[in-house]
1. How big is the shadow of the Cα convex hull of the stretch 94-223, averaged over all directions, in nm²?
2. Return the distance in nm (one decimal) between the two label points of a simple spin-label model at Arg39 and Ala60, each offset 7 Å from Cα along Cα→Cβ.
3. Along Cα→Cβ, 7 Å out, is where each label goes; now give me the distance between the ones at Gln162 and Ser103 in nm to one decimal.
4. Relative contact order for the chain: what is it in percent, counting Cα pairs under 8 Å that are at least 6 residues apart?
5. So what are the ³J(HN,Hα) numbers for the stretch 175-186, from phi and the Karplus equation (6.51, -1.76, 1.60; θ = phi - 60°), rounded to whole Hz, Gly and Pro as x?
6. How large is the Rg to Rh ratio of the stretch 136-200 when both quantities use alpha carbon positions and Rh follows Kirkwood?
7. Would you please give the residues with an amide H less than 5 Å from that of Ala67, counting only those at least 5 places away or on a separate chain, with H modeled from the backbone geometry?
8. Amide H to amide H, which residues 5 or more places from Ala153 or on other chains are under 5 Å from it, using H placed in the peptide plane?
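Read the figures in this text as sums done on the coordinates, not as results from a lab. Since the structure is predicted, the reported quantities are computational estimates derived from the model, not experimental observations. All Cβ positions, glycine included, derive from the backbone under ideal geometry; neighbour counts span all protein chains shown.
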Amino acid sequence: MTAYQQDWPVLVPLAGLIILGGISYTVMADVAGRRSWRRLSVDTKLILSTSAVLLLVGTALMLITEAANPSTLGSMTWPDQFLNAAFHSVSLRTAGFNTVPLSELREPTLFFNMALMFIGGIRLNGGGIKVQTFSLLFFAILASIRGSDYVVAFGREIPHAQVYRALSVALLAVAIVFAVALTLSITEPFDFTDVFFEAVSAFGTVGLSTGITPELGIWGGSS
């Protein structure tokens, strides 16, 4: 999508469709049917609030790390910088479109891009550990910091079984990504950042790459 960096009529509707597809029909139906934040299910609240935070944080970090990079956002006007940063923040967790060359991104940018891909979409679609899992772990951490024996989100207690399941998913995901990245770093002649990005992208079923995918060998799945 690099040819559409400054094409607002293309990127804005596409980003909107990605967001709607990312939160799923179930959430949209819940919002349309109840029409009140207080009446929404806990799952819907977790998805909407976490997705909004990830979108804002991803956009802000992209602007901070890439605004001065002439190979990515640096050559754009401020409105176009914001557009492309927001589009990447939306696309990284589900769609896998890019409007700037990923091979030109700075390492801090690649790092938080990997974090967004690792979190991924929601339980019904997308890859990664899922937004709900990330949200539950966040509230579990808050409960631990407060010294509480119960995990509470939006005034509702979360069953311990769900918290344990979220923790198991996250730990297994870390183990899988670590094992794949380690294997690629041994078998492929590329920088660790590039192979790590490749591993996280594959785990999150995002499909983004810094450009090394066609050159990967048997262990990388390209030969």
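1. On the way: hull surface 37.2 nm².
About 9.3 nm², averaged over all directions.
2. Spacing of the two 7 Å Cα→Cβ label points: 3.3 nm.
3. Output for this residue pair reads 4.5 nm.
4. Numbers: 295 pairs, mean separation 43.3, N = 223.
Relative contact order of the chain: 19 percent.
5. Working through the residues one at a time gives 5, 5, 5, 4, 5, 5, 4, 5, 4, 5, 5, 7 Hz.
6. On the way: Rg = 16.9 Å, Rh = 13.8 Å.
Checking Rg against Rh, the ratio lands at 1.22.
7. none
8. Answer set, sorted by chain and number: Ile158.
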